[in-house]
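See structure below.
Nothing in this text is a laboratory measurement; each read-out follows from the coordinates by a stated rule. Remember, predicted model here, so these are calculated numbers, not experimental data. Note that we place each Cβ from the backbone using ideal geometry, even for glycine, and neighbour counts take in every protein chain shown.
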Amino acid sequence: MSTLEEKEKSILNGVIDLHIHTNPDVRQRRLNDIELAQEAARVGARAIVIKSHVVPTMDRAWIAEQVVPGIKVFGGITLNPEVGGINPAAVEAAIKMGAKIVWLPTAWSAYERRISGKNDGVESVIDNQVVPSLVTVLKMVAKHNLILGTGHLSTEEILIVVEKAKELGVNKIVINHPEWWSISMPIETQKILVSYGVFFERCYATRFPGKNYEKNFMKNLAAIEAVGYESTIISTDGGQVENPMWSDALSEYLGFLANAGLSKDMMEKMTKISPANLLGL
C-alpha cells in the first residue's frame, strides 16, 4: 500500500457517509452500488447510505451488503413523483424493507420547480400547513424512529415541517445540504433550528443550474464555526461523474477541515458518532 493510500485509509477509517449517489440511475454515476460498497470497505469506512432521487434504495443496499463483507450499507426513499410523491403506501413498503431515511422531495419539490420556472412539483407545505399526506408520513417516521431528510424544500417550508415533525415525535431530522443553491439557508435560520435538535448535512460541493460543481469547503467551515460542530454531519452528496471519486472527495474534504484546525474530537463527532446514532448503529 502506498503512502497516499495509507493516508486515505487512515482519514476515512470508521467514517459514515449518509448521502451518496450510485448507478443504476437516470443520469450516469461514477460507481454502482456494489462498486461503492467495495470502495467503502477498501478505505475502512463503517457505513454508507445510497440515495436516489427516483427509486427506493434500501433493497439495493441490502444486496450490496450481502455481496461486500465489512461494510454496512443502507438506503431509503425519496418522495419525488416517481414513487407517487408524498405517498404513505410507498413509505410503508420502504419501512418494511429496511429503509433508514425518508427524504422529502428533492429536485421535484414544488418550491425548486417553481423557482426553475415549472409548476409540476410535489407540494409538502400549502398555506403554511404541512399537507395531510405528509402528516401521515411523519407519524410513520416517528413510530419507526427513522431519519427525516428535508430534501430541497425552501427554508420557510423546512421550518414548518421541522416544527410539525417534532410535534409528532420525529427524533431524527437531517437538514439536507443547507448550502444547496435552491435552499441557501441563512446562518441565522440554522441557529434557530438547532434548538429543535436537527442535524445539518454539510456536503462536498454544490452546483447552480447550468454551472459546474463548486466545493463548499470554506462555506461549510464558516457554518460549522457559526452554528456548531455538535449539530453537523459531514456527507459528500457524491457519486457524480463531474466530481472526484467518492473516497477522494471525502478524503480531500476531511483533510481540509483537519488542516483548518478542527480537533480530532470534533471530526469524530461529525463523521462517526452523530451519523452512527442517526442510523442506530
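For the reader, a short list of remarks on this structure follows.
- Relative to the dominant Cα principal axis of the chain, helix 58-67 is inclined by about 20°.
- Length added when fully stretched, E123-R27, from 0.36 nm per residue minus Cα-Cα: 32.1 nm
- Springs between Cα atoms under 10 Å define the GNM used for the chain, and in it the highest mean-square fluctuation of K219, K72, K164 occurs at K219.
- Here the stretch 78-99 is scanned for amide nitrogen atoms under 15 Å from the site 7 Å beyond the Cα of R114 along Cα-to-Cβ, giving none.
- Given charges at beta-carbon only (K, R positive; D, E negative), |dipole| of the chain in Debye: 280
- Per residue, the average separation of C-alpha pairs within less than 8 Å and at least 6 apart gives the stretch 159-272 a relative contact order of 23 percent.
- Restriction of the chymotrypsin sites (Phe, Trp or Tyr not before Pro) in the stretch 133-219 to DSSP coil positions whose beta-carbon has at most 13 other beta-carbons within 10 angstrom yields no sites.
- Span from the the stretch 97-137 Cα centroid across to the the stretch 230-271 one, whole angstrom: 28
- Paramagnetic label zone (point 7 Å from Cα along Cα-to-C-beta, V67; backbone N under 15 Å) in the stretch 241-257: none
- Cα-Cα over 29 Å, subset of K51/K172; K118/K211; K72/K191; K166/K264: K72/K191; K166/K264
- Cα-based reach from K100 at 14 Å (exclusive), listing aspartates and glutamates while leaving out same-chain residues under 8 positions away: D17, D59, E92
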